[in-house]
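Right, one structure below, let's go through it.
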Amino acid sequence: MTADATDRWLPDEGIADFASAYPGESAPVRHRLQHHPLFALDALADLAARLPASHVEHSRGDQSVSQDPGAVRQEALPPAEIVRTIAINGCWMVLKKVDADPAYAALIDQCLAEIAPTVSRETGAYMRREAFIFLSAPNSVTPFHMDPEHNILLQIAGQKTMRVYPAGDFEIVPQEVHEAFHLGGRHRNMPHRDAYDAKARDFVMHAGDAVYVPVKAPHWVQNGPEPSISFSITWRSALSDREARLHRFNAGLRKLGATPSTPGAAPLLDDVKVAAHKGTKKATALARKVLGKERDRSAY
């Protein structure tokens, strides 16, 4: 049975805006989830209380855009209390992998079903579907960082400005940083420079607004004068898996003394690297050839 158009979380124009941008460009999208009961403060407090501790992250919200991860401060409050007092406690919080909860999982399934035709056409079947809920005190800052997934961030309550930078710009995020990111060797926060802002796009978000953020498009967020609630729907794809494998393989080459070519500069060589990372016997032999080519290239 097909849901009526008024029951969908994305109106027709929202689906069209998403389809025109996916997968490589950021874009504004409208949604209809701002009054959903699962995002009421009491419902979110109950969710925070029952999620595993590993699924709850919080800190002070008065961070800088280039926040040092080692200097992040926390309030000594239980998760449910942080949610209930988000208007006055000065905190920032993320509830991770809320799709582990049956009620939220059903909502996420509905959301992803509506955009599945576009996603499957462009990047294949969904991989590793997850969702996150962000709560921010007034004037909080989410520091400059990037994420490994395709992401639609929906503003549920409050107002914020999301500044998004182009994905794959190695002047903003050097290739070595991408490699370390995919090896799990660094915090998600990254140093920000004002010079990057000439390439950025600002999205001013109120309840009912959303933004599609491509894989690893760097961004940071400035919250407005009211507490903010946002819902993030994420997924991986064959495209994001390929990109991650390529950077991991290049990291291995770098450790062996080669200087890997920039992703995209030699597509056929990139194909070999990705196949090699998947670990087949044939790919292992190909990997040796790649290493030889990269070493030869690095000598010039």
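Each reported figure results from applying straightforward, stated rules to the coordinates on display, with no laboratory input. Here the structure is a predicted model, which is why all the values come from computation and not from measurement. Please note: Cβ atoms are built from the backbone with ideal geometry, for glycine as well, and neighbour counts cover all protein chains shown.
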One finds, for residue 201 and residue 46 with R0 = 25 angstrom and r their Cβ-Cβ distance, a FRET efficiency to the nearest 0.05 of 0.10
Protection proxy (average C-beta count within 10 Å per residue), highest first, orders 233-240, 117-124, 42-49, 217-224 as 217-224, 233-240, 42-49, 117-124
Rounded to the angstrom and largest first, Cα extents along the principal axes for region 5-237 equal 47, 43, 31
Residue 262 and residue 194 label points (each 7 Å along its Cα→Cβ direction) are spaced in nm at 2.6 nm
Number of Lys pairs in the chain closer than 23 Å at Cα, excluding neighbours under 8 places apart unless interchain, is 24
For region 140-244 the GluC sites (Glu not before Pro) that pass both the DSSP coil test and the at-most-16 other-Cβ-within-10 Å test are 171
Summing -39500 (n - 2.57) over every DSSP H run of at least 4 in the chain, dividing by its residue total and rounding to the nearest 500, the 222 nm mean residue ellipticity is -11000 deg cm²/dmol
By the C-alpha gyration tensor axes a ≥ b ≥ c (rounded if a/c is under 1.5, else prolate when a/b exceeds b/c, else oblate), the shape of region 97-178 is oblate
